[in-house]
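The values are calculated or read from the model by the stated rules, or taken from the named source; none is laboratory data. Just so it is clear, the structure is predicted and the values come from calculations on it, not from any experiment. Cβ placement follows ideal geometry from the backbone for every residue including glycine, while neighbour counts extend to all protein chains displayed.
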Amino acid sequence: MNTAAVLDDIRRRILAGYPLLMLQTYEEQRWEEELAHVALEMERGLVTWSATSGPQPALHQQPGPMSPTEFLSQIEQYPADHLFLLKDLHFHFDQPGVIRRLRDLLPHLTSHRKTILLMSPMDTLPKELVKDTSLIELPLPGLDEMARELHQVLQGRPDSASQVVEEALQNRLAQAVLGLTLNEARHAFANVLQEADEINEKLFPQLVAEKRHLVQGSNLLEFFDLEEGVDDIGGLDGLKEWMQQRVQAFTGDARNRGISNPHGVLLAGVQGCGKSLSARAIARMLGFPLVRLDVGALLESTRGSSEQNLRDVLKLMETIAPAVLWLEEIDKAFGGYESETSGDATMSRLMGRFLTWLQEHTAPVFVVATANRVDALPPELLRRGRFDELFFIDLPNFEERKEIYRIHLSRRGWKPEKFDLEQLSENSDGFSGAEIEEVVNSSIIESFSLNRMPTQTDLENARERTVPLSVTMEEEIFQLREWARTRCRPATREYRVMDVLEEEHRRGELPEIIAPPAPKWVQLAEHGQLTAAIVEYVRLNDRITWGEMRTEFSSFAEMKGDYGLVLRADPKVAICVRISRQLADLIWETLEGRRLYLHSMPLSDVKPEDRPSIPAVETLPEEQVNKPVWIPTMLRLIPPAAGSGRFARVSRIKMGK
């Protein structure tokens, strides 16, 4: 759940009379500000308490330190319709009277519409309060909040006026710090951007590295820096193309269109052909942190702790998300396991839990599993839904071997054009990528020991001394390739020469007149993606008024109805009236998700037919109004220069006949 959804949940629980809410978060300042807005919108007082500052505002005397029992004894003296935010009260649960006083307050809280909010990083609750307290885990900032934070940091750069960062790049940079708190993200942006001459995709690895501390202390997870990219892989164009398509599925635009996050990919193949390198390159391509799970250590845990360790690992990965979870040589952990015949109850539970998570998890955790013997894996692990695709990485072909030689020579500082790579590739048939790397490395070391430059002969000699795995394990590799031929998708794209080339124009026929495609927002609306269509329309035209929305989108959805939108801080100030429930929900979601922003507009710019019958005001009244009024507004992609203020939150209402 995002911030807006959780705030709505808290608001509903307060209105329903819940006396105690336990709010778990590390972001005390951010959520205290959000709760202050909720209290203002609900017209309820808000009192905060901590052991060091006491109650603010104080009831009678000057503010100062006050014990929890003393403050709790004063809550009955506050007027009705109040919220009480108590920070880190869990440290005082062992004091006599604290729990008892909370339980004594329960009837009073309910009857006087008061709610106590316990805020803490821990979800520690004494048993006596478990049944009377609702636990709410407050989420970390989402993509929109991170994007706003990045925008503020960029505005603080001295060259902010001269450099415009594309929206897509800003979204990817913001996505790189998801899983951090807002303060952590702010520091990460400031740290990475302060010395950056140019804002580009090269900043991703540095931002992602800021998440390293999230897995520190875990002996099952290992964090990897994003050093290798797709340019470090020779060939495998089919896998690269497939992954590039999945990169787009993690963008905000894909999320707005209801596209679910890809689950992952299983890479099987011959040893030394680039499975592990592909896992690292996939993380770099996505711009996600790469975390490797030691499945062997997980299975070797003491009996009874393996399941808990797995739950902790998966929960941590969802906290870090978006991230890539790397399961290396998964066949060694689960190879030979069969659920129907396994006599190990722990292994069965572990396998079942993992398979369920693979299919059901919704957090953006992309799983990359590698295996040398995929035929040994249980069938339920290979079923579609657990992994999106199963790729087989075979021994490199001629072009791929040539590219691998080029990569390893360049990486070591030698110019590839000084060597006959075609001859080397021709003579290296059956060599894996790891074996080609060893050929290059050996030839360079030997030439260095003789105090001369490496030559073509050095490379050929090193190659001749190397006996490839395809020779020593010929039968096993043949069987593996035969098994994968009809069961896996090849990671190397098949190139075939077309037998017949299509003619550009038929003889004697006029060229076909192709109508220009409809605007993107129209295509989205025609396919039912109304939210994305409205956002795209605003992106194209800079703004949209309510009258334009009714005109442009009336053929795609019902625009008129008995619903309206009002300011949450002043419910008698209407934004729009007589719209459909679908449109009211859609606009509310875009405003709450900060994908669109409300801006006031002159009344003179509103067409007479678009004006409702209630009185209009051109500026927001300073105090709440007694009678319904309407203020003309429009929707834009950027927030108002002075901030959204009371325009930041709206409510849906059902209007009378």
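Of the candidates L59, L46, the single residue that is in contact (Cβ under 8 Å) with a residue 24 or more places away in the chain and in the same structural domain as S111 (by TED's automatic domain parsing) is L46. For the criterion of being more than 24 Å from G643 (Cβ to Cβ), surrounded by fewer than 13 Cβ atoms within 10 Å (Cβ to Cβ) and within 21 Å of the chain's Cα centre (by Cα), K202 passes. The set of residues from segment 82-96 being under 14 Å from I116 (Cβ atoms) and part of a loop (DSSP other than H, G, I, E, B) comprises D88, F93. Residues in segment 143-178 that are in a loop (DSSP other than H, G, I, E, B), at pLDDT below 85 and either under 17 Å from the mean Cα position of the chain (by Cα) or more than 24 Å from D542 (Cα to Cα) (or both): G156, R157, P158, D159. Of note, L135 does not satisfy the criterion of being under 25 Å from A5 (Cβ atoms), in contact with a Ser or Thr (Cβ under 8 Å, 6 or more places away or on another chain) and touching a residue at least 40 places away in the same chain (Cβ under 8 Å). All conditions in (1) under 21 Å from R594 (Cα atoms); (2) in contact with a Leu (Cβ under 7 Å, 6 or more places away or on another chain) hold for D570, with the sole exception of (2). What is the residue count in segment 512-548 for residues that are within 28 Å of the chain's Cα centre (by Cα), surrounded by 14 or more Cβ atoms within 10 Å (Cβ to Cβ) and outside any helix (DSSP H, G or I)? Summing the residues that are within 28 Å of the chain's Cα centre (by Cα), surrounded by 14 or more Cβ atoms within 10 Å (Cβ to Cβ) and outside any helix (DSSP H, G or I) in segment 512-548 gives 2.
If the condition is being out of contact with any His (no Cβ under 6 Å at 6 or more places or on another chain) and either β-branched (V, I, T) or surrounded by 14 or more Cβ atoms within 10 Å (Cβ to Cβ) (or both), then segment 622-636 contributes V625, P628, V629, W630, I631, P632, T633, L635. Contact annotation: residue pairs with Cβ atoms under 6 Å, 6 or more positions apart or on different chains, pairing a residue in segment 197-209 that is on the phi < 0 side of the Ramachandran plot with a partner that is assigned to a helix (DSSP H, G or I) and crowded, with 16+ Cβ neighbours inside 10 Å, are L203/V192; F204/A176; Q206/V192; L207/A176; L207/A188; L207/V192; V208/A176.
Considering only helices (runs of 4 or more DSSP H) fully contained in segment 374-491, which possess at least 3 residues that are of a type outside the set (A, V, I, L, M) and out of contact with any Phe, Trp or Tyr (no Cβ under 6 Å at 6 or more places or on another chain)? Once the helices (runs of 4 or more DSSP H) in segment 374-491 are filtered for at least 3 residues that are of a type outside the set (A, V, I, L, M) and out of contact with any Phe, Trp or Tyr (no Cβ under 6 Å at 6 or more places or on another chain), what remains is 398-411, 421-427, 433-449, 456-465, 474-485. Filtered by the rule that a residue be exposed (fewer than 14 other Cβ atoms within 10 Å of the Cβ), among the basic types (K, R) and closer than 23 Å to G269 by Cβ, segment 397-446 gives a lone residue, R411.
No other residue among T115, T133, T110, T124 is assigned by TED's automatic domain parsing to the domain that holds M22, out of contact with any helix residue (DSSP H, G or I) (no Cβ under 8 Å at 6 or more places or on another chain), within 27 Å of R30 (Cβ to Cβ) and not acidic (D, E) apart from T133. Within segment 31-43, the set of residues being outside any loop (DSSP other than H, G, I, E, B) and either surrounded by 14 or more Cβ atoms within 10 Å (Cβ to Cβ) or touching a residue at least 24 places away in the same chain (Cβ under 8 Å) (or both) comprises W31, E32, E34, L35, A36, H37, V38, A39, L40, E41. Residue pairs whose Cβ atoms lie under 6 Å apart, sitting 6 or more positions apart in sequence or on different chains, and linking a residue in segment 386-398 that is under 23 Å from E426 (Cα atoms) to a partner that is surrounded by 23 or more Cβ atoms within 10 Å (Cβ to Cβ) and charged (D, E, K, R), are I393/K275.
Close contacts from segment 597-610, counting a first residue that is farther than 30 Å from R148 by Cα and a second that is among the hydrophobic types (A, V, I, L, M, F, W, C), with Cβ to Cβ under 8 Å and a gap of 6+ residues or different chains, come to D610/W546.
Taking the criterion of being polar (S, T, N, Q) and farther than 30 Å from S306 by Cβ, the residues of segment 175-229 that qualify are Q175, T181, N183, N191, Q194, N200, Q206. Residue check: L469 meets all listed conditions (1) more than 15 Å from S425 (Cβ to Cβ); (2) without any contact (Cβ under 8 Å) to a residue 60 or more places away in the chain but one, namely (2). Out of curiosity, is P322 in contact (Cβ under 8 Å) with a residue 24 or more places away in the chain, under 30 Å from L591 (Cβ atoms) and buried (at least 18 other Cβ atoms within 10 Å of the Cβ)? When the stated conditions are applied, P322 passes them.
To keep it simple, each residue is scored yes or no on (1) outside any helix (DSSP H, G or I); (2) at pLDDT 90 or above; (3) outside the structural domain of L150 (by TED's automatic domain parsing).
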{"residue": "R594", "(1), (2), (3)": "yes, no, yes"}
{"residue": "L598", "(1), (2), (3)": "yes, yes, yes"}
{"residue": "E609", "(1), (2), (3)": "no, no, yes"}
{"residue": "S613", "(1), (2), (3)": "yes, no, yes"}
{"residue": "E618", "(1), (2), (3)": "yes, no, yes"}
{"residue": "P621", "(1), (2), (3)": "yes, no, yes"}
{"residue": "V625", "(1), (2), (3)": "yes, no, yes"}
{"residue": "L635", "(1), (2), (3)": "yes, yes, yes"}
{"residue": "P639", "(1), (2), (3)": "yes, no, yes"}
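Scanning segment 7-41 for residues that are of a type in the set (V, I, T) and touching a Pro at 6+ places or on another chain (Cβ under 6 Å) yields a total of 0.
Name the one entry in N261, N256 that is closer than 25 Å to F354 by Cα and within 23 Å of the chain's Cα centre (by Cα). Selected residue: N261, the only one of N261, N256 that is closer than 25 Å to F354 by Cα and within 23 Å of the chain's Cα centre (by Cα). Is it the case that segment 376-385 has a residue that's farther than 30 Å from S348 by Cα and buried (at least 19 other Cβ atoms within 10 Å of the Cβ)? The answer is no, given that none of the residues of segment 376-385 is farther than 30 Å from S348 by Cα and buried (at least 19 other Cβ atoms within 10 Å of the Cβ). Taking segment 549-567 as the range and being touching a residue at least 12 places away in the same chain (Cβ under 8 Å) and not in a strand (DSSP E or B) as the test, the residues that pass are M549, R550, E552, F553, F556, A557, E558, M559. Name the residue that is surrounded by the fewest Cβ atoms within 10 Å (Cβ to Cβ), counting only residues in segment 182-199 that are in a helix (DSSP H, G or I) and of a type in the set (D, E, K, R). So the residue we want is R186. Does at least one position in segment 98-107 carry a residue that is surrounded by 14 or more Cβ atoms within 10 Å (Cβ to Cβ), assigned to a strand (DSSP E or B) and not aliphatic (A, V, I, L, M)? Taking every residue of segment 98-107 in turn, none turns out to be surrounded by 14 or more Cβ atoms within 10 Å (Cβ to Cβ), assigned to a strand (DSSP E or B) and not aliphatic (A, V, I, L, M).
Being under 30 Å from A569 (Cα atoms) and touching a Leu at 6+ places or on another chain (Cβ under 9 Å) holds for only one residue in L102, L85, and it is L85.
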